[in-house]
Amino acid sequence: MSNRITMPLASSLLALLLGGCATTPAPVSSTRVVVPERFSGGAATATSPATGHSDDWWSAFQDSTLDALIRRVAHDNTRVRVAEARYAQARALARAADAARAPAIGIQARATRIGGPLVNEAGSDGALYGVNASLVYELDLSSRQAGRLDAANHDASARAARLVDTRLLVSAELARDLFRLRALDRELVLVRDAAASQARTLELTEHRRTSGLGSELDAARAAAELAEARAEEAVLLRRRELTEHAIAVLVGIASSRFTVPPTHGAVRLPAIPAGIPATVLARRADISAARSALTAAQARAGIARSAWLPNLSLTAGGGVASSALGELLRSSARAWSLGALLALPLFDGGRRRAEIEVADAEVAAQAEAYAERVLIALREVEDQLSALRRLAEEAAVLEGAIANAKRTVELAASRYRAGVASQLEVLDAQRGELRIRRRALGVQASRQLATVGLIHAIGGGWSTPAAVTPLASAR
């Protein structure tokens with residue numbers, strides 16, 4: 001009777017073990033996000049082939065200060081250092097998961113003294129010494145250990161991608177702040193030139209007033225314009241200092257010890273190729289991180305399902321024991337053991353089923369996060385392409401407006417010298433020219449910022465990688 005019961009049970013256990021070996025996470029299905037072949041705004045932005053590259057995209061701006069600052073960011077930025085530490089932590093966890101698959105070997109030494117009425121009656125009271133070695137090895141028949149290692153490796157891959165994304169994010173933020181600083185420097189030149197011109201106007205007005213050719217009203221108006229220009233200069237200087245402080249934080253330096261010398265060089269805009277392929281998004285580090293997080297969640301879902309499968313552990317041990325230290329090395333004091341332990345869960349009140357549901361929900365959440373990340377990437381690229389296209393149109397219009405404003409100032413000044421126009425007409429013309437020139441500078445800066453934003457949005461430059469993972473596998 002005993003044999004008739006034991007054999008079917010052993011056959012069932014063997015079937016469960018073999019089934020556990022074949023247990024793998026469900027494959028990733030296709031995403032519901034439709035990825036276009038080309039971005040809609042790319043065709044109107046190109047003038048020549050691009051030279052940007054993901055490794056040194058900032059070199060296209062030909063700014064030595066930017067080059068030096070980004071090199072410092074790569075080593076000294078605190079966010080980058082945190083991301084590096086998180087990546088190192090994830091790699092260590094992956095190594096720990098790998099080490100868990102190896103046999104565990106240990107050694108123990110013990111010294112015990114026993115006594116009491118019962119022990120005395122048995123005649124075995126006294127000291128007991130022993131040294132034992134043990135080996136425990138869990139056979140990964142259900143692929144549970146392999147699943148943990150797989151999940152840990154994907155976690156490490158996600159951390160590595162987040163590190164790359166952090167470096168790109170911080171360097172792009174630095175480039176934007178530096179270009180804002182450059183724009184403020186150019187605007188300061190305009191405002192200072194305007195203040196110098198208004199100072200000359202005030203001097204001329206005072207001379208005309210003392211000569212009886214002008215009024216005190218004209219002099220007061222010119223003085224007010226000069227004061228306003230100087231106040232605007234103070235505002236720009238304050239904004240420049242705040243931007244400089246932001247750069248100092250990015251490069252990991254105290255704001256009081258950091259400065260960027262003013263420069264007034266020409267604005268450089270890298271050429272952007274027509275029809276940037278959407279496949280460049282496959283190299284975006286945040287998308288890669290989201291995909292790795294999804295794959296890790298799937299691996300953990302497989303681990304949760306394998307919890308219903310049996311565990312089989314092999315054990316071996318050996319050692320010596322004696323009541324006297326001098327007897328430990330004698331053969332009569334030695335002992336050894338071999339064993340196997342098979343454990344099969346039968347009932348746990350629904351805990352394992354709940355853990356499977358938790359793991360499946362995490363897979364679903366990670367799949368949606370991946371799909372959202374793809375949508376956000378598409379939107380960011382389209383936003384920057386649209387901004388570049390409209391800013392180019394605005395810059396072309398402002399170029400003509402500057403020429404007209406300059407001519408207006410010349411005519412107003414000529415009329416004023418001829419005595420057929422008031423000083424107010426001249427001041428209005430000068431104010432209008434300054435406003436248009438400052439707006440044109442703002443558009444130049446916005447085009448630089450949008451270019452950096454586009455480079456960031458497509459993962460660092462627009463050269464298509466030789467081999468990419470398709471974006472059509474998000475869930």
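The values are calculated or read from the model by the stated rules, or taken from the named source; none is laboratory data. Note that this is a predicted model, so its numbers are computed, not measured. Using ideal geometry, Cβ is built from the backbone for each residue, glycine included, and neighbour counts are taken over all protein chains shown.
Annotations
- Within the option set 421, 395, being closer than 30 Å to residue 450 by Cβ and either in the same structural domain as residue 202 (by TED's automatic domain parsing) or basic (Lys, Arg) (or both) holds for one residue only, 395.
- Cβ separations smaller than 8 Å between residues 6+ apart or across chains give the following pairs from region 338-352 residues that are assigned to a loop (DSSP other than H, G, I, E, B) to residues that are surrounded by 10 or more Cβ atoms within 10 Å (Cβ to Cβ) and basic (Lys, Arg): 345/352.
- Hits in region 413-437 (condition: touching a helix residue (DSSP H, G or I) at 6+ places or on another chain (Cβ under 6 Å), part of a helix (DSSP H, G or I) and not acidic (Asp, Glu)): 413, 416, 423, 426, 427, 429, 430, 432, 434, 436, 437
Okay, residues lined up against (1) at pLDDT 90 or above; (2) touching a Lys or Arg at 6+ places or on another chain (Cβ under 8 Å); (3) over 20 Å from residue 460 (Cα atoms); (4) polar (S, T, N, Q):
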position: 70; (1), (2), (3), (4): yes, no, no, no
position: 75; (1), (2), (3), (4): no, no, no, no
position: 82; (1), (2), (3), (4): yes, no, yes, no
position: 89; (1), (2), (3), (4): yes, yes, yes, yes
position: 92; (1), (2), (3), (4): yes, no, yes, no
position: 103; (1), (2), (3), (4): no, no, yes, no
position: 109; (1), (2), (3), (4): no, no, yes, no
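- Filtered residues of region 202-215 (kept if at pLDDT below 75 and of a type in the set (Val, Ile, Thr)): 205
- Condition check for residue 289: within 30 Å of residue 458 (Cβ to Cβ) and not in a loop (DSSP other than H, G, I, E, B): yes
- Residue in region 312-326 that is under 28 Å from residue 359 (Cα atoms) and either surrounded by 19 or more Cβ atoms within 10 Å (Cβ to Cβ) or at pLDDT below 80 (or both) present: yes
- Those residues of region 155-213 which are closer than 20 Å to residue 410 by Cα, surrounded by 18 or more Cβ atoms within 10 Å (Cβ to Cβ) and either outside the structural domain of residue 443 (by TED's automatic domain parsing) or not aliphatic (A, V, I, L, M) (or both), in sequence order: 198, 201, 205
- Check on residue 211, among the hydroxyl-bearing types (Ser, Thr, Tyr) and free of Cβ contacts under 8 Å to residues at least 12 places away in the same chain: yes
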